[in-house]
Each structure stands twice: as C-alpha cells, then as structure tokens.
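**Q** Dropping the structure in here first, questions after.
The values are calculated or read from the model by the stated rules, or taken from the named source; none is laboratory data. Small disclaimer: the values here were computed from a predicted structure and weren't measured. Reconstructed Cβ throughout: ideal geometry from the backbone, glycine too, with neighbour counts over all protein chains shown.
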Amino acid sequence: MFNIEKYSKVKSVSEAVSLLEKNPRARLIAGGTDVLIRLREGEEDYTELIDIHDLAELMDIQKRENGDISMGAGVTFSQVMENAIIKESIPVIAQAAGTIGGPQVRNVATIGGNICNGAISADSAAALFVLDAVLEIERVNGARELPVREFYLGPGRVALEHGDVLKAIIVKQENYAGYGANYYKYAMRNAMDIATIGCAATCKLDGEVIEELKIAFTVAAPKPMRAQTAEDGARGKRVTDENIEKIAALVMEDLNPRDSWRASKNFRLQVIRILAKRVITAAIEDAGVQR
Amino acid sequence: MRETISFVVNGEHYSKNIDVRLSLLELLREEGLTSVKHGCGVGECGACTVLIDNTPIDSCMYLAVWVDGKTIRTVEGEIKDGKISQVQQSYIDAGAVQCGYCTPGFIMTSTAFVEKHKGQNVDRDEIRKEHAGNLCRCTGYETIICAVESCLKD
Ligand SMILES: Cc1cc2nc3c(=O)[nH]c(=O)nc-3n(C[C@H](O)[C@H](O)[C@H](O)COP(=O)(O)OP(=O)(O)OC[C@H]3O[C@@H](n4cnc5c(N)ncnc54)[C@H](O)[C@@H]3O)c2cc1C
Ligand code: FES
Ligand code: FES
C-alpha cells in the first residue's frame, strides 16, 4: 500500500485549484509515475494527494483557428505519439515522447508531469524549449501564461507556486510552421533509461542559408537550456559542413554539464559536441536541405 | 479512506469498496489473480503488467481506484474454453519460458502488441522497442521475439 494520508479525486481543474488553496501540504498526482515511486521510496512530501488522473479537461489536443496547437497537461506520451495533429505539425514532440521509459510508462506518464517535476533530464523539455512552448497555468485568482524557457529554476525546481495547476502547453504556429526539427536522446541503454544528454533543434532555412536555428539541451546545465550563443552565430550562415562545425562548437558557451555517477563531465562534453552536430544536421535535413 | 469502484476483470464485473492506498497490483492479487507478479514495484521490470482497456500498464505503480469504469485483462482471462491463447502457445513453442516469473507480464505486453499489429510487417527492432518495459533474467529475449514474430505471421 502507498503511504497516502489524504486523498481527493477531483472532477475539474477549478476544484483542484481550490483544494490546493485550502491545504498547503496537498500535491497533485497525474500519471503517478513519479509521485507513486516517491511514495514507495518513503518520501513524506507526497502523502496528501489531489488526483487529476484521467481528467478529461486536461486531455485535449487541438489546433486552434490561428494554427496554434494546444496540448492538455494530462495527455500521456502514448497519446502524444499517436495524435494526428502532433504527428503532422510538431512531430519532434512525438519523437521525444517515443524515447521515454518503456511502453507501460508512456501509457500513463503525462507530458505535464514530465515538466512539472523539474527533472533536468525530462525528455519532453528540449523539444518544448526549441518550440518556444507557452505554459497555461491556472490558479485561484485566474490563469497566467509562462514561456517554458522561464519555467525551470534549477534541479527539481520550477516556477510553480503552491496552488498552481498546469493546464495546457501551447505551441504557436510561428514557432513550428516552416521549421525542420529533430530530437536525440543519448542514454546508456536504448530504452528504460534516463538521458545522459538530450538535444533538440528546430531550423528554418532561406534556400541554403540558415534563417533561424534553435537548439536546446537537457542534463547539460542545472536546468534545460537553449544554447543562445550558437543560435545567434547560426543566423545568416550558409549550410556547409564547416559552418555546422562552427555553430556546434559554440553550444558550449551556454552549457555547464556536471559530474555524476551516470557520466563524467568530460564524457558529457564529448556527447554534447557530437549531438549538437548531429541534431543540427538532422533539423536542417528535415527543413529540406539534403546533406 | 475508501472508495467504491466498478470494473471488469477478464469479463467478470466487480463492484468493490476499496482502500484508496492500494495499488492495482495489490488489488488484483488479493482477488486471487496471482499471475500478476510483484517484481521491482517501481515500474522498471514489467512483471506486473496488465491490460487496461487493452493498453499495457505496470499495475505496481497504478492506483487501484483508477480502474473505476475500466476493463482489465490478466493472463488468467486469456484461457478461453480450456485453451490457452495463441500468444501463450507461441511462447511455449519458441521455448520463451524458463523460470517463468516474467512470463505473465510479457504475455500481456505481447498480447496487446499482436492485437495491434496483426498481419502487419513489423521488424524485430519494433518488437524489442515495444517490449522494452519487460525484463527477463533468463531467456536472453531472443526466443520471446521469435514467439511474437510467429504470432504476427499467422
Ligand atoms: C520506469 C520509469 C522510467 C521513466 N523513464 C523516463 C524517461 O525516459 N524520460 C523522462 O523524461 N522521464 C522518465 N520517467 C519519469 C516520469 O515517468 C516522467 O517524468 C513522467 O512524465 C511524469 O508524469 P506523471 O504524469 O506520471 O507525473 P506524476 O507522478 O503524476 O507527477 C509528477 C510531478 O508533477 C506534478 N504535476 C503533475 N501534473 C501536474 C499539473 N498538471 N500541474 C502542476 N503540477 C503537476 C506532481 O505534483 C508531481 O510533483 C520514468 C519513470 C519511471 C517510473
Ligand atoms: S513490479 Fe511493476 S514494473 Fe516491476
Ligand atoms: S523466464 Fe525467468 S525472468 Fe524471464
């Protein structure tokens, strides 16, 4: 049995918000693939639960009239991978979703839980960063929007205050239309493993010239990061092997990987360098230039 | 803390008042469905895999109350009219069972996979990827993949 001391199943986001407001110890549970493991491990932080599992309000994926795509926070990774809108317009999210855990995990783990737990290895994070996703967050006195780039504060820490519920993740049309994209997860095993380094890029070309490149990494700094210096350096450059090499070398300017039992700092630096080149090349190819 | 939930397991209707702290694994084993195995208890090994609305999930990290209104399948229900299923038979024929502890979980993952991909041309990598949530310490997986492949063909 899980060490749950208080439990309420809610029927709406507004109910969740008001219950959170009343109880400072209450925490949300969605897919539970993180919360239930923490409970198993005896963590005391998650003993009072507000259950948003399977809440229909959080499971919608739609393309709005203006072309923006909205994904409910409660959508599972398997739903992300199979959804027609996502596969058609933002397939890099589906690609990232496919690298998570194994099928049983993907069938219950939610995209909202993946970023709200603040893990620096979250596989959806790099893709959401390069798509400049915007988070719709609900609270007692109204909703707010926050760019995903401002969401992470440090390892395990995000810009959610007690009482906040992530409702949806929005990807604006201007941030996906005309872009090629790619995600690569480097891990020690091909499945059921946490990323050693994750890297996503989106790229927009004007003929053979890079108009805009966005590149983000996970586990390469104390929080998921865009490599801004490389992005600035890429603007206006022709697509050549030499230029890709130069842009890839610039990513280090913004990153600071750590030593851990999973991998040494030096090894991570090596992986970052290789992935930068590989993912930039793949995003350029996806945007239409054969390399 | 208790809740009353209704669900179907292997075609049988249940309505029960349960402790909300129970995992689905514990609920099913208490009901005598001991094909559902407790391995790691933390979502890594797949020994506890059951199908919920035909989708494989790890019952060890799934609250029992979440099955309200849902349909569950375990290995016990795969035997129809005294005959084991095609997937079960293929595991036997391929020699894909050794100690057997992982087998019920694997059978459920394979069953969902075969029902989804029947008749399609699926490569071995895809079979591996879709069975990556199940661990086996004995067989080395090769025979398991052969078993699944043989089910897709006929
Ligand atoms: C075996 C296994 C393998 C895994 N492999 C991977 C992997 O490869 N890559 C990866 O990135 N992760 C992996 N994970 C971690 C985990 O599955 C994911 O991070 C998952 O997406 C978490 O989502 P959830 O819905 O299960 O979260 P939950 O456990 O329900 O919640 C996680 C956290 O987010 C909060 N939360 C959830 N929903 C909301 C919301 N709408 N608003 C505000 N806060 C919310 C909860 O309060 C909690 O703090 C793995 C986990 C396991 C057990
Ligand atoms: S016992 Fe559930 S995954 Fe290992
Ligand atoms: S047969 Fe022994 S663990 Fe798979």
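**Q** Select the helices (runs of 4 or more DSSP H) contained entirely in the stretch A:1-99, then report the ones holding at least 1 residues which are of a type in the set (D, E, K, R).
**A** Per the criteria, A:13-22, A:35-40, A:77-82, A:84-89.
**Q** Looking for something of a type outside the set (S, T, N, Q) and buried (at least 24 other Cβ atoms within 10 Å of the Cβ) - is there at least one such residue anywhere in the stretch B:114-121? Let's see the steps before the verdict.
**A** Looking only at the stretch B:114-121, we keep the residues that are of a type outside the set (S, T, N, Q), and these are B:114-119.
If we keep only those that are buried (at least 24 other Cβ atoms within 10 Å of the Cβ) too, we end up with none.
Looking through the stretch B:114-121, none of the residues is of a type outside the set (S, T, N, Q) and buried (at least 24 other Cβ atoms within 10 Å of the Cβ).
**Q** How many residues does the stretch A:185-203 hold that are buried (at least 19 other Cβ atoms within 10 Å of the Cβ) and over 17 Å from A:Ala119 (Cα atoms)?
**A** 3
**Q** On to the next question. Please tell me if B:Thr49 is within 16 Å of ligand 1 (Cβ to nearest atom) and out of contact with any Leu (no Cβ under 9 Å at 6 or more places or on another chain).
**A** Considered against the rule, which asks whether it is within 16 Å of ligand 1 (Cβ to nearest atom) and out of contact with any Leu (no Cβ under 9 Å at 6 or more places or on another chain), B:Thr49 comes out as yes.
**Q** Output the residue which, of all residues in the stretch A:179-224 that are free of Cβ contacts under 8 Å to residues at least 60 places away in the same chain and in a strand (DSSP E or B), is nearest to B:Leu135 (Cα to Cα).
**A** Result: A:Glu212.
**Q** On the given criteria, is A:Ala220 at pLDDT below 95 and surrounded by 17 or more Cβ atoms within 10 Å (Cβ to Cβ)? Can you show your working first?
**A** Details: at pLDDT below 95: yes; surrounded by 17 or more Cβ atoms within 10 Å (Cβ to Cβ): yes.
Yes, satisfied.
**Q** Of the conditions (1) within 15 Å of B:Ser110 (Cβ to Cβ); (2) more than 9 Å from every other protein chain (Cβ to nearest Cβ); (3) β-branched (Val, Ile, Thr), B:Thr55 fails just one. Which one is it?
**A** Just one mismatch for B:Thr55, condition (2).
**Q** If I go through the stretch A:100-145 residue by residue, how many of them are in a loop (DSSP other than H, G, I, E, B), touching a strand residue (DSSP E or B) at 6+ places or on another chain (Cβ under 9 Å) and of a type in the set (Val, Ile, Thr)?
**A** Looking only at that region, the number is 3.
**Q** Can you tell me which residue within the stretch A:19-34, out of those that are touching a residue at least 40 places away in the same chain (Cβ under 8 Å) and within 20 Å of B:Met1 (Cβ to Cβ), is farthest from ligand 1 (Cβ to nearest atom)?
**A** A:Pro24
**Q** Something else about it: Quickly run through the stretch B:20-52 and pick out the residues that are touching a His at 6+ places or on another chain (Cβ under 9 Å), more than 10 Å from every other protein chain (Cβ to nearest Cβ) and either aromatic (Phe, Trp, Tyr) or under 18 Å from B:Arg2 (Cα atoms) (or both).
**A** Selection gives B:Leu25 alone.
**Q** Given the structure, is B:Ser150 surrounded by 23 or more Cβ atoms within 10 Å (Cβ to Cβ) and either within 14 Å of chain A (Cβ to nearest Cβ) or more than 10 Å from ligand 3 (Cβ to nearest atom) (or both)?
**A** In short, no.
**Q** I would also like to ask the following. Is there a residue in the stretch A:37-50 that is under 24 Å from B:Glu3 (Cα atoms), under 17 Å from the mean Cα position of the chain (by Cα) and within 12 Å of another protein chain (Cβ to nearest Cβ)?
**A** no
**Q** Oh, and also: In the stretch A:8-17, what count of residues is obtained for those that are more than 9 Å from every other protein chain (Cβ to nearest Cβ) and surrounded by 14 or more Cβ atoms within 10 Å (Cβ to Cβ)?
**A** Adding up the residues that qualify gives 6.
**Q** Take the conditions away from ligand 1 (no atom under 16 Å from the Cβ) and either under 16 Å from B:Val9 (Cα atoms) or over 15 Å from the mean Cα position of the chain (by Cα) (or both) and apply them to B:Asp58. Does it pass? It would help to see each step written out before you state the result.
**A** Details: away from ligand 1 (no atom under 16 Å from the Cβ): no; either under 16 Å from B:Val9 (Cα atoms) or over 15 Å from the mean Cα position of the chain (by Cα) (or both): yes.
No: the conditions fail for B:Asp58.
**Q** Of all residues in the stretch B:76-98, which are hydrophobic (A, V, I, L, M, F, W, C) and either touching an Asp or Glu at 6+ places or on another chain (Cβ under 6 Å) or over 14 Å from B:Thr143 (Cα atoms) (or both)?
**A** Result: B:Ile79, B:Ile84.
**Q** Can you tell me which condition A:Gly156 does not meet? The list is (1) under 30 Å from A:Ala26 (Cβ atoms); (2) within 14 Å of another protein chain (Cβ to nearest Cβ); (3) surrounded by fewer than 19 Cβ atoms within 10 Å (Cβ to Cβ), and all the others hold.
**A** (2)
**Q** Checking A:Val134 against (1) in contact with a His (Cβ under 9 Å, 6 or more places away or on another chain); (2) free of Cβ contacts under 8 Å to residues at least 60 places away in the same chain, which test does it fail?
**A** Of everything listed in (1) in contact with a His (Cβ under 9 Å, 6 or more places away or on another chain); (2) free of Cβ contacts under 8 Å to residues at least 60 places away in the same chain, A:Val134 misses just condition (1).
**Q** So which residues in the stretch A:254-272 are farther than 13 Å from A:Gly198 by Cα, in contact with a helix residue (DSSP H, G or I) (Cβ under 8 Å, 6 or more places away or on another chain) and surrounded by 13 or more Cβ atoms within 10 Å (Cβ to Cβ)?
**A** A:Asp254, A:Arg258, A:Ala263 - these are the residues of the stretch A:254-272 that are farther than 13 Å from A:Gly198 by Cα, in contact with a helix residue (DSSP H, G or I) (Cβ under 8 Å, 6 or more places away or on another chain) and surrounded by 13 or more Cβ atoms within 10 Å (Cβ to Cβ).
**Q** Next up: Taking the options A:Arg226, A:Arg278, A:Arg235, A:Arg273, name whichever one is over 24 Å from A:Val158 (Cα atoms), among the basic types (Lys, Arg) and touching a Phe, Trp or Tyr at 6+ places or on another chain (Cβ under 9 Å).
**A** Exactly one residue qualifies, and that residue is A:Arg278.
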